[in-house]
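Structure first, then comments.
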Amino acid sequence: MIHSIVDIAFPPKLLPTPCAEEVILALEINGRPLTPARGGPVRFGRARLVWANSVKWVGSITAADRRASGAYTTRFYNDPTASGMKPVWGVAPESVIVSPSPRDLLSADMPTKIWGWAWGDRQISSVEVSVDGGGSWRTAAVGPREGRSWQRFELPWTPSSGQNILLCRCTDELGEGQQLTDARNAVHTVQVEVNP
């Protein structure tokens, strides 16, 4: 938990984001002074945003009407789009299959369960799973979200023998979902070999 010492509200034109205007200068974490490894003695951050995409060691603060031109704003923490690079301000919807894994020994025609985790800034409303490499999709059951917790999903499955390519994709409550490729939160794939 970050304890904020100074809260500053900047006008949106100076630091525009889709979800927050609050700026925090933190001096402590969990009641103790910030160490240099955690961005101390003062760390700059934005409320409700990914703190990995925020300035750490504060030497000075300059207000500007555009993003800085450093590596972390031009190369890292950006996703490619058709209109150019899009800054990563939050946690996009994402899901991963935990089981079965490529190491699991599965037998054909033996019922099993595909399960995993889904998460994002907003509640995940649906998860779809493909057992044929993306040719078709089935809706998985999605568990509840408590606070900002991950949500478990599961789908019963009876595998066929041979190689099976499993994929999962999720959508949040505002309809934002995962792309198949070329994104930080691209669809997750697991290849499993099923014995006859």
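Tabulated data
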item: Accessible surface of the range 73-136, 1.4 Å probe, proportion on carbon and sulfur as whole %; result: 54
item: Length added when fully stretched, LEU105-LEU174, from 0.36 nm per residue minus Cα-Cα; result: 21.0 nm
item: Relative contact order, percent, the range 118-160 [alpha-carbon distance under 8 Å, six or more residues apart]; result: 38
item: Accessible solvent surface per residue of the range 125-196, calculated while the other protein chains remain in place, 1.4 angstrom probe, Å²; result: 55
item: Spacing of the two label points (7 Å from each Cα toward its C-beta) at TRP137 and ALA186, in nm; result: 1.7
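The values are calculated or read from the model by the stated rules, or taken from the named source; none is laboratory data. Computed from a predicted model, the values in this text were never measured in an experiment. A quick note on method: Cβ atoms are made from the backbone with ideal geometry, for glycine too, and the neighbour counts reach across all protein chains shown. All accessible areas refer to the heavy atoms of the entire protein, side chains included, with ligands and DNA or RNA removed. Shrake-Rupley method; radii C 1.70, N 1.55, O 1.52, S 1.80 Å.
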